[in-house]
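**Student:** The following block contains the structure, expressed as structure tokens.
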There are 2 protein chains.
Amino acid sequence: MVRVGYPARIDASLLSGMPVGAEMVPLEAGLDHDVNLDVWIPDALTPRAKEIWQHLRGVKLVLSLMAGTEWIPETVGPHVTICNARGAHNVATAEWTVAAIFTSLKYVPLYCEIQASGNWKRRKEAAELFARLHPDEGAIYPPVMQEELAGRKVLMVGYGSIGKDIERMLAPFDVELMRVARTARTEPMVQSVSELDALLPDADIVILILPLTPESHGLIGAREMSLMKQGALLVNAARGPVVQTDALVGALNAGRIRAAIDVTDPEPLPEGHPLWKCPNLYITPHIGGSSPRFMQRALKVVAGELERYIQGEPLENVVQAAI
Amino acid sequence: MVRVGYPARIDASLLSGMPVGAEMVPLEAGLDHDVNLDVWIPDALTPRAKEIWQHLRGVKLVLSLMAGTEWIPETVGPHVTICNARGAHNVATAEWTVAAIFTSLKYVPLYCEIQASGNWKRRKEAAELFARLHPDEGAIYPPVMQEELAGRKVLMVGYGSIGKDIERMLAPFDVELMRVARTARTEPMVQSVSELDALLPDADIVILILPLTPESHGLIGAREMSLMKQGALLVNAARGPVVQTDALVGALNAGRIRAAIDVTDPEPLPEGHPLWKCPNLYITPHIGGSSPRFMQRALKVVAGELERYIQGEPLENVVQAAI
């Protein structure tokens, strides 16, 4: 039997898909004795997972429930193989991205404010917001109370599995899509990220959905934002450090662009940070991948990987191979 | 020449598509003398349009820029033909509906509140909201911070041109669609509105997108809401009186359902009305059909109708035939 440690708070009924040959060992928070394991499924809460790691012995494989595994290599060291739960967050994150675009284009935060004030007449503030964001459009009659996704040019920065889901979800909205990624390819046309400067001025909406790497760290800074259209929307569904926070604060406070972000740098965003108060910004506290069905999906990915491990087959979602 | 009066504040550049044979007569607000016309395009602002009507003579045809024409027959009387700008609001209204669904399922109003408070830790309130809305789901780990559209059952009440646009936009989101309308039909299956009671208990999301008629007035009341699933979402993209307001206030305050509405009864919703303070409700002040491209679209519809009028062909969007 392969001994597999997992967070005890995962409901046992969700483990029915685990392969024969896996002995599932629940790990309680506050574990105070050593446990021998072959495989470890860490708790989703990083500090709790790190505490538990102190008591684990013999782990050769870590199967993360998350897509992001940044904290794991430094915790478990180089002699352990690490796999992520690639795909488990996809639907939720792609839906979050579409929702964030609509939140911004349909002025949802403003309408929430108007609703809280209980004053129907404040609807005229929507037309004022449109005029501030698009000073070149002139006076439009009847007053513009929300914008439209139809006809917008969308630039996807990153084109992995979540990017493809976003593209699929945007398909019926009559948008024009441009794509950049590390590796240029065709069918569909994906340009090299080195083309970013040439494409940014053309985009109404820029979606960041690329992994955090040394190359993508700080990719979107003051220069890139200055290349964006007046009033264009920057959506960060990737990782906080892909965007230079000071530059974002500057571009938002100058009224140049708007943004919708699920991730920040630093994260969590501390109380009093200037980003909290920027105009034309929607922030969610890194919840884009959350879903009521997340654990089912993640455990399905983990079960597949575990089956391959037990059968001695190659693993599919390796983010660190043991040395 | 056919003399066509139109609101002077429509930019003349937008009138280039009007047919030869139409003499376009700009009508200023505060018009103080009588004007002879054949066709009248009323101002979008109803009180202004009513004032101008007092000075119009000879009008045989009203071409509304709006889809809703409720105020026109009582103003111009039965001897004038009235057409609406069917279709001009479709894309915006369908997008509003999708945006309203995401606003609700992704807890956007709560995240706006959290953002305004500048306290990242308040994200735990999202999981509390999920638990309140879905008490039968039990404790889910990791905590649920937003819901998902994928897998939801959507009941469309009404299946006209906007309903079809909504269906098209929902297609990639992996929802299961049910449809009711006045007239049952197949391909796609549209059931009779008399089946509503049987279908309501099965729906996670109920979208109202039907015209206001004597039959649809008050269609959704306390009994219909009591048939809805705990935590289900009611979206009103139709007209306020389709929903019984007192019943909605009751169902929301009891935590039974949630709602997203662009229309209210009464409308405008007065200050101090209990609906403003209901939980799990998103209100927009009847802006669902607004779009920066609205006037172009509406004038295109009007130009088509005007061309047919001049050519003596049947009109397409008659809502009242002159007697």
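**Student:** Please go through region A:98-132 and pick out each residue that is closer than 30 Å to B:Val175 by Cα and open to solvent by less than 10 Å² (accessible area, probe 1.4 Å).
**Tutor:** Keep residues of region A:98-132 that are closer than 30 Å to B:Val175 by Cα, which gives A:98-112, A:115.
Within region A:98-132, A:Val98, A:Ala99, A:Ala100, A:Ile101, A:Phe102, A:Thr103, A:Leu105, A:Lys106, A:Tyr107, A:Val108, A:Tyr111 qualify.
**Student:** Against the conditions (1) among the polar types (S, T, N, Q); (2) farther than 18 Å from B:Trp96 by Cα; (3) in contact (Cβ under 8 Å) with a residue 40 or more places away in the chain, where does B:Ser161 fall short? Just the number, please.
**Tutor:** (2)
**Student:** Follow-up. Suppose we keep only residues that are assigned to a loop (DSSP other than H, G, I, E, B) and closer than 23 Å to B:Thr264 by Cα within region A:76-115. Which one would you say is farthest from the other protein chains (Cβ to nearest Cβ)? So that I can check it myself, show each step before the final result.
**Tutor:** Step one: list which residues in region A:76-115 are assigned to a loop (DSSP other than H, G, I, E, B), which gives A:77-80, A:84-89, A:106-107.
Within this subset, residues satisfying the condition of being closer than 23 Å to B:Thr264 by Cα are A:106-107.
On the way: A:Lys106: 4, A:Tyr107: 8 Å.
Filtering first and then ranking leaves A:Tyr107.
**Student:** Another question, if that's okay. Mind checking which residues of region B:133-146 are more than 7 Å from chain A (Cβ to nearest Cβ) and open to solvent by less than 30 Å² (accessible area, probe 1.4 Å)?
**Tutor:** Of everything in region B:133-146, just one residue is more than 7 Å from chain A (Cβ to nearest Cβ) and open to solvent by less than 30 Å² (accessible area, probe 1.4 Å), namely B:Leu133.
**Student:** For region B:8-43, give me the residue count where each residue is open to solvent by 30 Å² or more (accessible area, probe 1.4 Å) and closer than 24 Å to B:Arg308 by Cβ.
**Tutor:** 11
**Student:** Quick one: is B:Phe130 within 11 Å of chain A (Cβ to nearest Cβ), without any contact (Cβ under 8 Å) to a residue 24 or more places away in the chain and in a helix (DSSP H, G or I)? Lay out the reasoning, then the answer.
**Tutor:** Values: within 11 Å of chain A (Cβ to nearest Cβ): yes; without any contact (Cβ under 8 Å) to a residue 24 or more places away in the chain: yes; in a helix (DSSP H, G or I): yes.
So B:Phe130 fits the description; yes.
**Student:** How many residues are assigned to a loop (DSSP other than H, G, I, E, B), aliphatic (A, V, I, L, M) and under 27 Å from the mean Cα position of the chain (by Cα) if we restrict to region A:1-28?
**Tutor:** Of region A:1-28, the ones assigned to a loop (DSSP other than H, G, I, E, B) are A:1, A:8-11, A:16-21, A:28.
So of that shortlist, the ones also aliphatic (A, V, I, L, M) come out as A:1, A:8, A:10, A:18, A:20.
Next cut, under 27 Å from the mean Cα position of the chain (by Cα) only: A:8, A:10.
Count: 2.
**Student:** May I ask you to list pairs of residues, at least six apart or on different chains, whose Cβ atoms are under 8 Å apart, with the first in region A:261-279 being hydroxyl-bearing (Ser, Thr, Tyr) and the second being open to solvent by 50 Å² or more (accessible area, probe 1.4 Å)?
**Tutor:** Taking only residues 6 or more apart or on different chains, the pairs are A:Thr264/A:His286.
**Student:** So which of A:Ala67, A:Ala44, A:Ala49, A:Ala8 ends up being within 14 Å of chain B (Cβ to nearest Cβ), more than 23 Å from A:Gln320 (Cβ to Cβ) and small (Gly, Ala, Ser)? Don't jump to the end; show me each part of the working.
**Tutor:** Details: A:Ala67 fails: more than 23 Å from A:Gln320 (Cβ to Cβ); A:Ala44 fails: more than 23 Å from A:Gln320 (Cβ to Cβ); A:Ala49 fails: more than 23 Å from A:Gln320 (Cβ to Cβ).
From the options A:Ala67, A:Ala44, A:Ala49, A:Ala8, the qualifying one is A:Ala8.
**Student:** Name the residues in region A:281-312 that are assigned to a loop (DSSP other than H, G, I, E, B) and within 12 Å of chain B (Cβ to nearest Cβ), would you? Steps first, please.
**Tutor:** Of the residues in region A:281-312, the ones assigned to a loop (DSSP other than H, G, I, E, B) are A:284-293, A:312.
Passing the criteria: A:Thr284, A:Pro285, A:His286, A:Ile287, A:Gly288, A:Gly289, A:Ser290, A:Ser291, A:Pro292, A:Arg293.
**Student:** Test A:Glu95 against the stated conditions and say whether it is of a type in the set (Asp, Glu), closer than 19 Å to B:Ala99 by Cα and surrounded by 24 or more Cβ atoms within 10 Å (Cβ to Cβ).
**Tutor:** Numbers: of a type in the set (Asp, Glu): yes; closer than 19 Å to B:Ala99 by Cα: yes; surrounded by 24 or more Cβ atoms within 10 Å (Cβ to Cβ): yes.
Answer is yes for this residue.
**Student:** Only one residue in B:Ser226, B:Ser194 is in a helix (DSSP H, G or I) and either touching a His at 6+ places or on another chain (Cβ under 6 Å) or free of Cβ contacts under 8 Å to residues at least 24 places away in the same chain (or both). Which one?
**Tutor:** Numbers: B:Ser226 fails: either touching a His at 6+ places or on another chain (Cβ under 6 Å) or free of Cβ contacts under 8 Å to residues at least 24 places away in the same chain (or both).
Being in a helix (DSSP H, G or I) and either touching a His at 6+ places or on another chain (Cβ under 6 Å) or free of Cβ contacts under 8 Å to residues at least 24 places away in the same chain (or both) holds for just one of B:Ser226, B:Ser194, which is B:Ser194.
The values are calculated or read from the model by the stated rules, or taken from the named source; none is laboratory data. A quick note: this is a predicted structure, and the numbers were derived from the prediction, not measured. Cβ: placed from backbone, ideal geometry, glycine included. Neighbour counts: every protein chain shown. For the accessible areas, the whole protein counts, side chains as well, though only heavy atoms, and no ligand, DNA or RNA atoms are used. Shrake-Rupley method; radii C 1.70, N 1.55, O 1.52, S 1.80 Å.
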